[in-house]
Amino acid sequence: MLPVQELIDSEKDGDLRGIANKIVANERINEEEGLMLFEKASLPFVGMLANYRREQLHGDITYFNRNFHIEPTNVCVYACKFCSYSRLYAHRDEGWELTMENMLDVVRQYDGKPVTEVHIVGGVHPKMNLEFFAELLRKIKAHRPGLHIKGFTAVELDYMFRKAKMSVEEGMKYLNEAGLDSLPGGGAEIFHPEVREQIADDKVDGTGWLYIHEAAHKLGMYTNATMLYGHIEKYWHRIDHMERLRRLQDRTHGFNTFIPLKFRNKDNEMSDVPESSLPEDMKMYAVARLYLDNFPHLKAYWPMLGRQNAQLTLGFGVNDIDGTIDDSTKIYSMAGSEEQTPAMSTEQLVTLIRQVKRKPVERDTLYHHVQVFEN
Ligand code: SF4
């Protein structure tokens, strides 16, 4: 008998045994069953199942990539309550606004270095429009054609397209032709309006976020998805969020990776909301691995969790710990994360992965293997 089957059979709760048997038989669990995993299952039980599923999909491989971020600005027309990063336009002197040349200088700093991806996200600046960013994309591609550009959350894109009076389809095609290769997963927060209206009521809603990703998928672009968890939402809001993603993925197969993002409470309007505990974080990863059965990859973003906690997630369904980053993002350090200057060398990432007995594989953005580090 498989060890996992012995553990399932020793579970006293019949409902949980039934869910686990479905998972082992590669059957899809429904919303009620997903909720039960959050509410009733012990952490070792969901962890064991998530680890089993991860191993079926990826063996002992853990992915990372070599990347850097460009954050064009933290000036933003929106005022999400959980955001520690943005400054309103009226207070833009407290923030930053990079010029085209500033951003191209960042790209040039990596000339001759073996990075494969630039990740571009920032605030929604009222004066940085679609044409400005299309020009940036063209200039980056002219300078370094092989660099994969993953850029702009659906929130940024929604604003750019509306301001340019373009449909989502037209705007996405325009940016894709200018050099945009794929989309990150930010801005998803919690889709359900009951929560979204309380924490981020003025930006694109859940339906609009999903529509933008669907438009990208239809152009053959891959995208990613996040969920901001551990604040005022209930477990069922998390399941609802993942269910909407799972349905879209069934139709398009355009998502690569799901990235749960832990709410941090430093210097924002939700500082009175306590942060989730470490066991709660691990449960989130495990349930995501089990519920999103059509998402190939589950990522722990190490600058948000800290290095040791990111290592821990590898036992709870995670198969990707993001990239070298090179201290090029402020989003999580400004919100109080453990990593105040997030940068890791390739050697450090490889060591981190090997310490938990996994095989490090450097990937490109689309999960092609760049280098396998045999143990
Ligand atoms: S989360 Fe994004 S959209 Fe919301 S205020 Fe912050 S930068 Fe702006």
>> Among the residues of the range 140-160, are any at positive phi and open to solvent by 10 Å² or more (accessible area, probe 1.4 Å)?
In response: no
>> Quick check on the range 170-220: of everything there that is assigned to a loop (DSSP other than H, G, I, E, B), in contact (Cβ under 8 Å) with a residue 40 or more places away in the chain and among the charged types (D, E, K, R), which residue is farthest from the ligand (Cβ to nearest atom)?
In response: ASP181
> So how many residues does the range 100-118 have that are closer than 19 Å to THR73 by Cα, exposed (fewer than 14 other Cβ atoms within 10 Å of the Cβ) and touching a helix residue (DSSP H, G or I) at 6+ places or on another chain (Cβ under 9 Å)?
Replying inline: 1
>> Checking the condition open to solvent by 60 Å² or more (accessible area, probe 1.4 Å), out of contact with any helix residue (DSSP H, G or I) (no Cβ under 8 Å at 6 or more places or on another chain) and of a type in the set (Asp, Glu), which residue from ASP9, ASP60 passes?
In response: ASP60
> How many residues are at pLDDT 95 or above, of a type outside the set (Phe, Trp, Tyr), in a loop (DSSP other than H, G, I, E, B) and touching a Lys or Arg at 6+ places or on another chain (Cβ under 9 Å) if we restrict to the range 316-361?
Replying inline: 3
>> Looking at (1) within 21 Å of ALA300 (Cα to Cα); (2) open to solvent by less than 10 Å² (accessible area, probe 1.4 Å), which one does ILE29 not meet, given that it meets all the others?
In response: (1)
>> Are there strands (runs of 3 or more DSSP E) fully within the range 14-125 with at least 1 residues that are within 16 Å of the ligand (Cβ to nearest atom) and on the phi < 0 side of the Ramachandran plot? List them.
In response: 67-70, 117-120
>> Can you pull out every residue in the range 197-227 that is over 30 Å from HIS143 (Cβ atoms), open to solvent by 10 Å² or more (accessible area, probe 1.4 Å) and of a type outside the set (A, V, I, L, M, F, W, C)?
In response: GLU197, GLN198, ASP201, ASP202, LYS203, ASP205, THR207, GLY208, TYR211, GLU214
> Of the conditions (1) within 26 Å of ARG108 (Cα to Cα); (2) outside any helix (DSSP H, G or I); (3) within 13 Å of the ligand (Cβ to nearest atom), LYS150 fails just one. Which one is it?
Replying inline: (3)
> Which one is farthest from the chain's Cα centre (by Cα), of the residues in the range 102-161 that are of a type in the set (Ser, Thr, Tyr) and within 21 Å of MET172 (Cβ to Cβ)?
Replying inline: TYR159
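The values are calculated or read from the model by the stated rules, or taken from the named source; none is laboratory data. For clarity, every value in this text was computed on a predicted model and none was experimentally measured. Methodologically, a virtual Cβ is constructed for each residue, glycine included, from the backbone with ideal geometry; neighbour enumeration extends over all protein chains shown. Calculation scope for accessible area: heavy atoms of the full protein, side chains included, ligands and nucleic acids excluded. Shrake-Rupley method; radii C 1.70, N 1.55, O 1.52, S 1.80 Å.
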